[in-house]
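Enquirer: If you scroll down you'll find the structure; I have some questions about it.
What follows is calculated from the coordinates using simple rules that are stated; it is not laboratory data. Computed from a prediction, not measured in an experiment: that's the story for all the values here. A quick note on method: Cβ atoms are made from the backbone with ideal geometry, for glycine too, and the neighbour counts reach across all protein chains shown.
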Amino acid sequence: MEAEQKPVPVMIVGVDDSEHSFYALEWTLDHFLTPSAPNSPFKLIVVHSKPSPTSAIGFAGAADVFPFVDADLKKIAARVVERAKELCHSKSVDDVSVEIVEGDARNVLCEAVERHHATILVVGSHGYGAIKRAVLGSVSDYVTHHAHCTVMIVKKPKTKH
């Protein structure tokens, strides 16, 4: 009888167009994924949530600008995932799946965890203070409480002057 092969654990890294999320991706690549190893410890999936045009516009009755906003959001999403692929490739990690999913990042990431049965979710931290976090809403706070897997928040070290 052949030994049953265990499925490779899935690691999802959430990226947006911030330096913080790309730092988190780079840190994850450097610390968890061995370059082009045939037996990588994780299946890597990079997820970018593209805001819907209506959420980006923020008000009704803007039908005339909708196509322009939608086109810009698609261009930004394409740029983000291309940059993520390039970063993975530069670290010799070529076995990566990349997804663009429309919606709020908090929900998109939690749904991706469920869809892929992820073992770990990695997100960057913008380092907002309590007030800004309360006003803007923190993706990392939300996924820490709602994702059904381990969540790792990678903070970019502050530069010393």
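Enquirer: Starting from the 7 Å offset along Cα-to-Cβ, what nm value, one decimal, do you get for the label separation of Thr144 and Lys74?
Expert: 3.7 nm
Enquirer: Skipping prolines and chain starts, which residues have an amide H placed within reach, meaning under 5 Å, of the one on Val93, given they are 5 or more residues away or on another chain?
Expert: So Val93 has HN proximity to Ser36.
Enquirer: Using the beta-carbon distance between Ala63 and Asp95 and R0 = 45 Å, what value does 1/(1 + (r/R0)^6) give for FRET efficiency, to the nearest 0.05?
Expert: For Ala63 and Asp95, the calculated efficiency is 0.60.
Enquirer: Provide the packing ranking of 93-100, 45-52, i.e. peptides ordered by the mean count of other C-beta atoms within 10 Å per residue, highest first.
Expert: My ranking of the peptides, most packed first, is 45-52, 93-100.
Enquirer: Let me ask another. Which ³J(HN,Hα) values in Hz, rounded to whole numbers, follow from the phi angles of region 145-159 under the Karplus curve 6.51 cos²θ - 1.76 cosθ + 1.60, where θ = phi - 60° and Gly and Pro get x?
Expert: 8, 10, 6, 8, 6, 5, 10, 10, 9, 9, 9, 6, x, 6, 7
Enquirer: Quick one: what are the phi-derived ³J(HN,Hα) couplings along region 67-76, Karplus 6.51/-1.76/1.60 with θ = phi - 60°, whole Hz, x for glycine and proline?
Expert: x, 6, 5, 4, 5, 5, 5, 5, 5, 4
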